Amino acid sequence: MMRKLINFSLIPKRAMSVRSTYLKYTEYGEPLSVIKKYEETLEEPKGNEVLVKILAAPVNPADINVLQGKYPDKPPLPAVPGNECVAEVISCGPNAQTLRPGDRVIPFVTQLGTWRTHALFDETKLIKVPKELGIVEAATITVNPPTAYRMLKDFVAVERGDTIIQNGANSAVGQAVFQLCKLWGIQSIGIVRNRPEIDLLKDFLMKLGATEVLTEEELRTTTIFKSGALPKPKLALNCVGGKSSTEVLRHLDDKGVMVTYGAMSRDPVTAPNAALIFKDISFRGFWMSRWSKENLHTTARLEMLDELTQIILNGDLMAPVHQMIPFAEYERALEGATDFKGFSGGKYIFDFS
């Protein structure tokens, strides 16, 4: 009796499935109270979807504010938290046009929900980045470096040899500001809070590119501008507010501009009347999420990301001080991120390896 040969190519292929672990919240509140861990099975991508494996995802201060319900840009609930990441494409839907398996990608839109091991995303919500870009550099390229870049480019015509001043100078944005200023020949003054081992912090920031680093107490008595050692700053970058911003204002040049992009002290910016009347100081605000949405369909954002990528690849912009936390220990990262007295000036990043 002859056996019938089976044509295996005619047998429908079983869809490959991937098990994803993710965090989710259904209400606003303190992160450790509202976030829960879940698992789900993801099928093969359809249409122009791509299945990705997340490699690393930062925990930014804005992510904490979103969870607390204090941030203007919030996804509809329930939601997966996380705004930034770098991921690797595992497979693509039949209609995917721009991405292929093995590509490295980062989010092109805000609030994508990145705190998960795997995800199905529409390929139009992702941007391909070079594999030569470091994991941490890629995971953190869409928020802090662009914030530094835009504030240095969009408010004052700061030229080579000019001076800028910034408080909260050891923040991730502050670290990027120093490096970009060094690259572009801009003199930069950083203001930080006094702390143990302040000299080590100052040395680190100077090596990044800072021209001078002062504590808030030293700023009150410095003669660095009155003596002519440095030109008065044309631009001030403020992420602290309160007394710190008032002290910075005192040193701004006539018609200088203060750009506020954060409020770490939670105290308002207070402007002395003399700064407005006699120095004609201007006050502006900057929010990276708004800029990204306004430029979603322009070439400006892609051109900026291309330039920042090349700056990183050239070795002129390094990742911020950070600590990698295994995703399984997410509570530790969230606890540290909500304790501003803890990993000061550093960023927690989920490690999915």
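The values are calculated or read from the model by the stated rules, or taken from the named source; none is laboratory data. Please read all numbers here as calculations on a predicted model, not as lab measurements. Reconstructed Cβ throughout: ideal geometry from the backbone, glycine too, with neighbour counts over all protein chains shown. Remember, those area values only see protein heavy atoms, side chains included, never the ligands or the DNA or RNA. Shrake-Rupley method; radii C 1.70, N 1.55, O 1.52, S 1.80 Å.
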Self-check item: Leu183 vs. criteria aliphatic (A, V, I, L, M), in contact with a helix residue (DSSP H, G or I) (Cβ under 7 Å, 6 or more places away or on another chain) and open to solvent by 10 Å² or more (accessible area, probe 1.4 Å)
Solution: yes
Practice problem: Please work out if Leu276 is open to solvent by 70 Å² or more (accessible area, probe 1.4 Å) and in contact (Cβ under 8 Å) with a residue 60 or more places away in the chain. | Solution: no
Practice problem: Name the single residue, out of those in region 93-124 being touching a Pro at 6+ places or on another chain (Cβ under 8 Å) and surrounded by fewer than 22 Cβ atoms within 10 Å (Cβ to Cβ), that is nearest to Tyr38 (Cα to Cα). | Solution: Gly113
Practice problem: Find all pairs meeting these conditions: Cβ atoms under 9 angstrom apart; at least six residues apart or on different chains; first residue within region 287-307 and among the acidic types (Asp, Glu); second residue loosely packed, with under 15 Cβ neighbours inside 10 Å and modelled with pLDDT under 95. | Solution: none
Practice problem: With the condition kept exactly as written, say whether any residue in region 252-269 is closer than 20 Å to Ala157 by Cα and of a type in the set (S, T, N, Q). | Solution: yes
Practice problem: Can you give me the number of residues within region 100-110 that are touching a residue at least 12 places away in the same chain (Cβ under 8 Å) and over 28 Å from Lys74 (Cα atoms)? | Solution: 3
Self-check item: Search result, residues across region 19-55 that are within 12 Å of His118 (Cβ to Cβ), touching a Leu at 6+ places or on another chain (Cβ under 9 Å) and among the polar types (S, T, N, Q)
Solution: Ser20
Practice problem: Filter region 65-92 down to residues that are within 20 Å of Tyr22 (Cα to Cα), surrounded by fewer than 22 Cβ atoms within 10 Å (Cβ to Cβ) and of a type in the set (Asp, Glu), then give me how many there are. | Solution: 1
Quiz item: How many of the residues in region 12-41 are at pLDDT 95 or above, small (Gly, Ala, Ser) and more than 15 Å from Ala333 (Cα to Cα)?
Solution: 2
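For (1) open to solvent by less than 30 Å² (accessible area, probe 1.4 Å); (2) closer than 28 Å to Trp287 by Cβ; (3) in contact with a helix residue (DSSP H, G or I) (Cβ under 8 Å, 6 or more places away or on another chain), each residue gets a yes or a no:
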{"residue": "Leu152", "(1), (2), (3)": "yes, yes, yes"}
{"residue": "Arg193", "(1), (2), (3)": "no, yes, yes"}
{"residue": "Lys202", "(1), (2), (3)": "no, no, no"}
{"residue": "Glu216", "(1), (2), (3)": "no, yes, yes"}
Quiz item: How about region 294-353: which of its residues are within 27 Å of Val240 (Cα to Cα), open to solvent by less than 50 Å² (accessible area, probe 1.4 Å) and among the charged types (D, E, K, R)?
Solution: Arg301, Lys347
Quiz item: Mind checking which pairs have a first residue in region 43-62 that is part of a helix (DSSP H, G or I) and a second that is open to solvent by 10 Å² or more (accessible area, probe 1.4 Å), Cβ under 6 Å, 6 or more apart or different chains?
Solution: Ala62/Tyr71
Exercise. Mind telling me which of the residues Ala263, Ala229, Ala210 ends up being touching a strand residue (DSSP E or B) at 6+ places or on another chain (Cβ under 7 Å), in a loop (DSSP other than H, G, I, E, B), surrounded by fewer than 17 Cβ atoms within 10 Å (Cβ to Cβ) and not charged (D, E, K, R)?
Key: Ala263
